[in-house]
Amino acid sequence: MLKIRKFDFSERDYEDFIKINDAIWPDQKETVEQLKFADKIRDKKSEHQRFIVEFDNLVVAKMTVSKAIYTTTKGKYYFNIEVLPEFQRQGIGTKLYEKMLAIVMPKNLQKLSTYSREDKKNGIAFFEKNGFKMVLRDPVSELDLMKFDFSKFQKDIDFVEQQNIKLIPLSEIMKTDENWQQKLYQLDIQIEADMPTTDPFKAPPFEKWKKSHLENPQFYPKGCIIAVDNGEFVGLSMLAKVLSDKTKMEVWSTGVLRTHRRRKIATALKVLAQRKAIGYGAKTIITDNEENNPMYQINLKLGFEPKPAWLSFEKTNL
């Protein structure tokens, strides 16, 4: 018998939630620690629900439903439905979709948003059947650090430093600049605001950003390289730990202020961050970028290899 119930925050539910994620995304596994951290820092007033699906006492699917926060778009909700591969195409996803609609339709709903990856044909077909359109494509790419030739890009680092721009690990800046948190925050939200998206960006408050970034178990200050021009933070490349695999790191953010672009700063930042990744013990770096983002082309020049892209889907005719 099929049963849909609310996530109860027990250790077992956390573990089952992650098991389903890892079965569907074996190349991008997550951890219970990450899920608990997200719950710890979430605003208690935010609209966010999780559901577990059991079939004959076996957990076979999960769903998350939440209201978009950091956007100026009103009435936007996200949802994510994931069903174990061996239980797909049996109507479970449809039942969860109907459950989700029952939750969000009474809430002045204007837009529904979800995602899949282009190698997940069943998920894409499900969304298209239900009237969703693909609105954003973010190719994933990976770099094999064991094959990377740092000497090829030393000239880019030299070129940046000749402009009197310093490239400094955040771990060093933290020791000498008492305002580093605010400066990093201001830089990060300016970079985020320039990234391609389907909705206008709304910056999180500083304290919320601080919790989600600086208190995050994935945060790795040595892997965050800052470009500093006369004391001002003008660019960054921030690597983070992959808690499920110590041989991997992921890119949280890379960007340069508009005033300092086309000066090889982004390339130099990424190369220096990659050196720190090797020092951490990583063999692979994974990232994703919107396909028209210039950063994607920089990654390809550095030797990142394209993988199946994340696809964002939206539905507005509700």
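The values are calculated or read from the model by the stated rules, or taken from the named source; none is laboratory data. Predicted, not measured: the structure shown is a model, and the values here were computed from it. Note that each Cβ is placed from the backbone with ideal geometry, even for glycine, and that neighbours are counted across all protein chains shown.
Being in contact with a helix residue (DSSP H, G or I) (Cβ under 9 Å, 6 or more places away or on another chain) and more than 25 Å from TYR296 (Cβ to Cβ) narrows it down to one residue among MET238, MET174; which is it? Working first, answer last.
Working: MET238 fails: more than 25 Å from TYR296 (Cβ to Cβ).
Sole residue among the options that is in contact with a helix residue (DSSP H, G or I) (Cβ under 9 Å, 6 or more places away or on another chain) and more than 25 Å from TYR296 (Cβ to Cβ): MET174.
Note down all Cβ pairs under 9 Å where the first residue falls in region 211-224 and is in contact (Cβ under 8 Å) with a residue 60 or more places away in the chain, the second is part of a loop (DSSP other than H, G, I, E, B), and they're at least six residues apart or on different chains.
That search, which allows pairs on different chains as well, returns SER212/PRO204; PRO217/THR31; PRO217/LEU243; GLN218/VAL242; GLN218/LEU243.
Within the set of pairs 6+ apart or on separate chains, which have a first residue in region 1-27 that is over 16 Å from GLY93 (Cβ atoms) and in the same structural domain as MET63 (by TED's automatic domain parsing), a second that is in a loop (DSSP other than H, G, I, E, B) and among the hydrophobic types (A, V, I, L, M, F, W, C), and C-beta atoms under 9 Å apart?
The qualifying pairs are ASP13/PHE7; TYR14/PHE7; PHE17/PHE7; LYS19/LEU84.
For region 297-314, how many residues meet the condition of being within 17 Å of the chain's Cα centre (by Cα) and of a type in the set (Phe, Trp, Tyr)?
Number satisfying all stated conditions: 2.
Report yes if LYS99 is more than 23 Å from ASP288 (Cβ to Cβ) and touching a residue at least 40 places away in the same chain (Cβ under 8 Å), otherwise no.
When the stated conditions are applied, LYS99 passes them.
Which condition number in (1) under 19 Å from LEU269 (Cα atoms); (2) in contact (Cβ under 8 Å) with a residue 60 or more places away in the chain; (3) of a type in the set (Ser, Thr, Tyr) is the one that SER151 fails?
Of (1) under 19 Å from LEU269 (Cα atoms); (2) in contact (Cβ under 8 Å) with a residue 60 or more places away in the chain; (3) of a type in the set (Ser, Thr, Tyr), only one is false for SER151: (2).
How about region 110-164: which of its residues are surrounded by 18 or more Cβ atoms within 10 Å (Cβ to Cβ) and among the polar types (S, T, N, Q)?
Those that are surrounded by 18 or more Cβ atoms within 10 Å (Cβ to Cβ) and among the polar types (S, T, N, Q): SER113, THR114, SER116, SER141.
Given the criterion of a type outside the set (Phe, Trp, Tyr), crowded, with 18+ Cβ neighbours inside 10 Å, within 20 Å of the chain's Cα centre (by Cα) and in the same structural domain as PHE9 (by TED's automatic domain parsing), identify the matching residue among MET100, MET63.
When all the criteria are applied, what remains is MET63.
In region 1-33, what residues are in a helix (DSSP H, G or I) and either of a type in the set (A, V, I, L, M) or surrounded by 18 or more Cβ atoms within 10 Å (Cβ to Cβ) (or both)?
Our first condition is that a residue be in a helix (DSSP H, G or I); within region 1-33, this holds for 11-24, 32-33.
ASP13, TYR14, ASP16, PHE17, ILE18, ILE20, ASN21, ALA23, ILE24, VAL32, listed by residue number.
Can you tell me which of ASP39, ASP43 is in the same structural domain as TYR97 (by TED's automatic domain parsing), of a type in the set (Asp, Glu) and modelled with pLDDT under 95?
ASP43
Pairs only if they're at least six apart or on different chains, beta carbon under 7 angstrom, first in region 264-279 and outside the structural domain of ILE157 (by TED's automatic domain parsing) and of a type in the set (S, T, N, Q), second in a helix (DSSP H, G or I) and crowded, with 24+ Cβ neighbours inside 10 Å; list them, first residue then second.
Every condition considered, no pair remains.
Given the options ASN293, ASN299, ASN317, ASN216, name the one that is buried (at least 16 other Cβ atoms within 10 Å of the Cβ) and modelled with pLDDT under 95.
Going through ASN293, ASN299, ASN317, ASN216 in turn, just one is buried (at least 16 other Cβ atoms within 10 Å of the Cβ) and modelled with pLDDT under 95: ASN293.
Please go through region 47-78 and give me each residue that is farther than 18 Å from PHE17 by Cα, touching a strand residue (DSSP E or B) at 6+ places or on another chain (Cβ under 6 Å) and assigned to a strand (DSSP E or B), ordered by number. Full working, then the answer.
Going residue by residue through region 47-78, those that are farther than 18 Å from PHE17 by Cα are 47, 67-77.
Retained after the next criterion (residues that are touching a strand residue (DSSP E or B) at 6+ places or on another chain (Cβ under 6 Å)): 47, 67-68, 76-77.
LYS67, LYS76, TYR77, listed by residue number.
Can you tell me which residue among GLY255, GLY231 is without any contact (Cβ under 8 Å) to a residue 60 or more places away in the chain and either assigned by TED's automatic domain parsing to the domain that holds MET146 or closer than 17 Å to GLN181 by Cα (or both)?
GLY231
When you scan region 194-308 for strands (runs of 3 or more DSSP E) that lie fully inside it, which ones turn up with 2 or more residues that are touching a Phe, Trp or Tyr at 6+ places or on another chain (Cβ under 8 Å), of a type in the set (Gly, Ala, Ser) and closer than 29 Å to THR71 by Cα?
219-229
Does region 272-285 contain any residue that is modelled with pLDDT of 95 or more and within 16 Å of the chain's Cα centre (by Cα)?
Looking only at region 272-285, we keep the residues that are modelled with pLDDT of 95 or more, and these are 272-285.
Filter once more, so that each one left must be within 16 Å of the chain's Cα centre (by Cα): 285.
Yes: one or more hits.
Only one residue in LYS241, LYS264, LYS248, LYS276 is of a type in the set (D, E, K, R), crowded, with 18+ Cβ neighbours inside 10 Å and at positive phi. Which one? Quick ask: steps written out before the conclusion?
On the way: LYS241 fails: at positive phi; LYS248 fails: at positive phi; LYS276 fails: at positive phi.
Of LYS241, LYS264, LYS248, LYS276, the one residue that is of a type in the set (D, E, K, R), crowded, with 18+ Cβ neighbours inside 10 Å and at positive phi is LYS264.
In region 1-30, which residue that is aliphatic (A, V, I, L, M) and more than 25 Å from the chain's Cα centre (by Cα) is farthest from LYS241 (Cα to Cα)? Outline the logic, then answer.
Filtering region 1-30 for residues aliphatic (A, V, I, L, M) gives 1-2, 4, 18, 20, 23-24.
Still in the list and also more than 25 Å from the chain's Cα centre (by Cα): 1-2, 4.
Details: MET1: 40, LEU2: 37, ILE4: 34 Å.
If we take residues in region 1-30 being aliphatic (A, V, I, L, M) and more than 25 Å from the chain's Cα centre (by Cα), then MET1 is farthest from LYS241 (Cα to Cα).
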